[in-house]
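K.L.:
The structure's right below; bear with me while I get my questions together.
The values are calculated or read from the model by the stated rules, or taken from the named source; none is laboratory data. The structure presented is a predicted model; accordingly, all values stated were derived computationally and were not measured. Glycine gets a Cβ as well: all are built from the backbone with ideal geometry, and neighbour counts include every protein chain shown.
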């Protein structure tokens, strides 16, 4: 939709980036996901966190294509509801919902840069917490464990690519773990007078709603597809072939790798040590 001047109104993300015109780094959206599928089948939930990086020149075209394809929706796209034909998706029918998901997977693959996924089983976290109660404060919740791992992964990938630009992060306001994410980012930005944020290549962070940034919906799509394959492989029901939607997330001219990390007790222990050394676990 065009404004009174005949120009397209700026999106929330574009307005945010205009506040720091000298910033040339990528924008990264984060989305937390609690897999209730396992719980519904008598198993335990899994916690997941996804991150997708977008180069700035791809933010607007991604939003335009995504918004056009989702024009019939009253609410921001919801991957779990779409795939389960729930909520407003029930009226569209399964065939239309499958096509919608297929089209959106291609749009993500076309415009995203690097993507990241962290997974943590609740029993794995509970077992570690029971064995090391004095270290729990050093890592926080499963969300905190996954978030710091994601930040570390992004730093590592950028380092290997020789990319030393800082990253601007967007977290979903009111989403799973957003209060804890805000606290972690605030601590990192303060530590050693900002030296630690520079080490992790973090510019800053901002809170966004899915109505402000459809890019958050892309991260939701990624973690839903990833956990579905993880669950099906775990149960032995997935077969040898991946879903086309999953494969399309890897395609596209702008798409780089998708990096994943499954966090076991050893990684949680290492993260506790890392957080203590770098004082992420304390409010300085």
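K.L.:
Would you mind stating whether residue 158 is touching a strand residue (DSSP E or B) at 6+ places or on another chain (Cβ under 9 Å), modelled with pLDDT of 90 or more, crowded, with 23+ Cβ neighbours inside 10 Å and in a helix (DSSP H, G or I)?
P.N.:
Spelling it out, it is not the case that residue 158 is touching a strand residue (DSSP E or B) at 6+ places or on another chain (Cβ under 9 Å), modelled with pLDDT of 90 or more, crowded, with 23+ Cβ neighbours inside 10 Å and in a helix (DSSP H, G or I).
K.L.:
Moving to a separate point now. When you scan segment 41-134 for helices (runs of 4 or more DSSP H) that lie fully inside it, which ones turn up with 2 or more residues that are under 30 Å from residue 22 (Cα atoms) and touching a residue at least 60 places away in the same chain (Cβ under 8 Å)?
P.N.:
In segment 41-134, the matching helices (runs of 4 or more DSSP H) lie at 56-69, 94-111.
K.L.:
So is residue 187 touching a residue at least 12 places away in the same chain (Cβ under 8 Å), over 13 Å from the mean Cα position of the chain (by Cα) and farther than 17 Å from residue 29 by Cβ or not?
P.N.:
It is true that residue 187 is touching a residue at least 12 places away in the same chain (Cβ under 8 Å), over 13 Å from the mean Cα position of the chain (by Cα) and farther than 17 Å from residue 29 by Cβ.
K.L.:
Filtering segment 13-59 down to residues that are farther than 28 Å from residue 257 by Cβ and at pLDDT 70 or above, which residue is surrounded by the fewest Cβ atoms within 10 Å (Cβ to Cβ)?
P.N.:
Filtering first and then ranking leaves 22.
K.L.:
Next up: Could you please find all residues in segment 161-188 being more than 22 Å from residue 213 (Cβ to Cβ) and either at pLDDT 90 or above or touching a strand residue (DSSP E or B) at 6+ places or on another chain (Cβ under 6 Å) (or both)? So that I can check it myself, show each step before the final result.
P.N.:
We begin by selecting, within segment 161-188, every residue more than 22 Å from residue 213 (Cβ to Cβ); these are 161-164, 187.
Within segment 161-188, 161, 162, 163, 164 meet the criteria.
K.L.:
Under the condition of being touching a helix residue (DSSP H, G or I) at 6+ places or on another chain (Cβ under 7 Å) and closer than 29 Å to residue 108 by Cα, which residue from segment 189-203 is modelled with the lowest pLDDT?
P.N.:
Among those residues, the one meeting the criterion is 197.
K.L.:
Right, next: Which residues, taken from segment 95-141, are modelled with pLDDT of 95 or more and more than 24 Å from the chain's Cα centre (by Cα)?
P.N.:
Correct list: 95, 96.
K.L.:
I'm trying to understand the selection: among the residues of segment 163-181, which are in a helix (DSSP H, G or I) and closer than 24 Å to residue 113 by Cα?
P.N.:
Passing the criteria: 178, 181.
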